[in-house]
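Have a look at the structure below, then the notes.
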Amino acid sequence: MEGRILRRANALLARWQDGLLIIENYLTGRLSRVSPEIAVIVARVEGELQYDELRRRFIGIPDADALTHQLLAADVLLTVGSDTETRDRQMILSWAAWGDPARYFHFSTARTVFPTDLAKEGRELAELAKREPPPPPYLDRFGPTQTLPEPWHGLRGDFAKVLQARRTHRRFTGEPITSQQFATVLGCTFGRTATMWDPALGRYVLKTSPSGGARHPVEAYPIVLAVDDVPPGIYHYSVRQHGLTMIDEGWFSEESVEICANQPWVQQAAAVVVLTGVVERSAWKYRQAHAYRVLLLDVGHLGQTFQLVCTALGLGPFTSAALHSAQAIALLRIDGIGEVPLCALTVGLPVTDEGTSMTTGD
């Protein structure tokens, strides 16, 4: 411990819980229960301190060494130069514009533990519905209601059929899709439709989905499992080149299931497309925490476009927010701080029974 340089972590939030003061490092998920007096002392730890200097700050506190170890173990204090301290510093640089509200929401929810026994989850949900019926799907307000004209009037043809046919699919044949189908899905969902120039702000791109401030912070990483003429592997979709940049070659079927919270149907898909967000691309323009909501809206826009393009091609789409972030970060080789995983999109040839697609109905 002697000679180490320490500092207080940036990713800290304190709250009262069961009568105790809890300090949480939301980047690592570690907690420490401390007295209010200790919290005041920790708050006075400014900048980088030698361990001996920190001990002098704790003069008069019983078991000062034990307390320091406790705060280090809980990542309240960090050793300068350590991996955790480096990530903490990087987080401040990447998320500086958005502050604690957006940072806390993202990193604390990134550690969500998803159910592994899907059959058990289904049974428990059915039992819950018996005890506590789900909320109604409609919201009716009291007052005069004007009936509107028939909605599909004037919207006929292929586009109307695609909208009406869109469903989420969770059964795939495992057979490959064509490289042309795959190129259409990627290009029409994530590719640029135009490049614009602003004299003050420089070059920006337009796509088939809207994006807050035309920042388009979302990147696509296809994990190819069964696409004709495309070797299985992990890729990054290059918007600039409308091409695939290989990150890792091989068949990552089991890993795809794992990062998608162990949803087994993913293994029979043709490809899994993991979406990430490049934080600074949005934060550069929108410097308030509210902009994190806009980034998530961008993901939703892309997810719907993906579903419609797949439906138009006769393919089965599936979108999932159940994503194991840590595994996705390792698989995609991203830093998980400045570029973060957000959700997964899946495409494949759908299983049909007597011509009817087997779906979840949503």
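For segment 179-198, check the following and say yes or no: at least one residue is more than 20 Å from the chain's Cα centre (by Cα), on the phi > 0 side of the Ramachandran plot and free of Cβ contacts under 8 Å to residues at least 24 places away in the same chain.
Within segment 179-198 (the criterion being more than 20 Å from the chain's Cα centre (by Cα), on the phi > 0 side of the Ramachandran plot and free of Cβ contacts under 8 Å to residues at least 24 places away in the same chain), the answer is no, since none of the residues qualifies.
Regarding GLY213, is this residue within 22 Å of the chain's Cα centre (by Cα), closer than 24 Å to TYR286 by Cα and open to solvent by less than 60 Å² (accessible area, probe 1.4 Å)? Can you show your working first?
On the way: within 22 Å of the chain's Cα centre (by Cα): yes; closer than 24 Å to TYR286 by Cα: yes; open to solvent by less than 60 Å² (accessible area, probe 1.4 Å): yes.
Yes; evaluated as a whole, the condition is true for this residue.
Out of the residues in segment 264-285 that are modelled with pLDDT under 95 and assigned to a loop (DSSP other than H, G, I, E, B), state the one that is least open to solvent (accessible area, probe 1.4 Å).
LYS285
Kindly provide the set of residues from segment 315-345 that are open to solvent by 50 Å² or more (accessible area, probe 1.4 Å) and either of a type outside the set (Lys, Arg) or part of a strand (DSSP E or B) (or both), ordered by number.
Within segment 315-345, THR319, ALA321, ALA326, GLN327, ALA330, ASP335 qualify.
With the requirement that a residue be part of a strand (DSSP E or B) and open to solvent by 40 Å² or more (accessible area, probe 1.4 Å), what does segment 164-204 give you?
Of everything in segment 164-204, those that are part of a strand (DSSP E or B) and open to solvent by 40 Å² or more (accessible area, probe 1.4 Å) turn out to be ARG192, THR193, THR195, MET196, TRP197, ASP198, ARG203, TYR204.
How many residues does segment 38-66 hold that are touching a residue at least 12 places away in the same chain (Cβ under 8 Å) and of a type in the set (Asp, Glu)?
Adding up the residues that qualify gives 4.
Could you say which residue among ALA39, ALA9, ALA14 is farther than 30 Å from CYS260 by Cα and modelled with pLDDT of 95 or more?
ALA9
Pairs, please: C-beta under 7 Å, at least 6 apart or cross-chain, first residue open to solvent by less than 100 Å² (accessible area, probe 1.4 Å) and in segment 147-158, second in a loop (DSSP other than H, G, I, E, B) and of a type outside the set (Lys, Arg)?
Going by the 7 Å Cβ cut-off, there are no qualifying pairs.
Any idea which residue in segment 105-127 is farthest from the chain's Cα centre (by Cα), counting only those that are open to solvent by 70 Å² or more (accessible area, probe 1.4 Å) and of a type outside the set (A, V, I, L, M, F, W, C)?
GLU127
Identify all residues within segment 219-263 that are open to solvent by 60 Å² or more (accessible area, probe 1.4 Å) and either in contact with a Gly (Cβ under 7 Å, 6 or more places away or on another chain) or on the phi > 0 side of the Ramachandran plot (or both); write none if there are none.
The answer is ASP229, HIS242, MET246, GLU249.
Six or more apart or on different chains, Cβ atoms under 6 Å: show the pairs whose first residue is in segment 1-29 and open to solvent by less than 30 Å² (accessible area, probe 1.4 Å) and hydroxyl-bearing (Ser, Thr, Tyr) and whose second is at pLDDT 90 or above and not in a strand (DSSP E or B).
TYR26/ALA11; TYR26/TYR104; TYR26/PHE107; TYR26/SER108
The values are calculated or read from the model by the stated rules, or taken from the named source; none is laboratory data. This one's a predicted model, so the numbers in the text were calculated from it and none came from an experiment. Note that each Cβ is placed from the backbone with ideal geometry, even for glycine, and that neighbours are counted across all protein chains shown. In case anyone asks, the SASA skips ligands and DNA or RNA and just uses the protein heavy atoms, side chains included. Shrake-Rupley method; radii C 1.70, N 1.55, O 1.52, S 1.80 Å.
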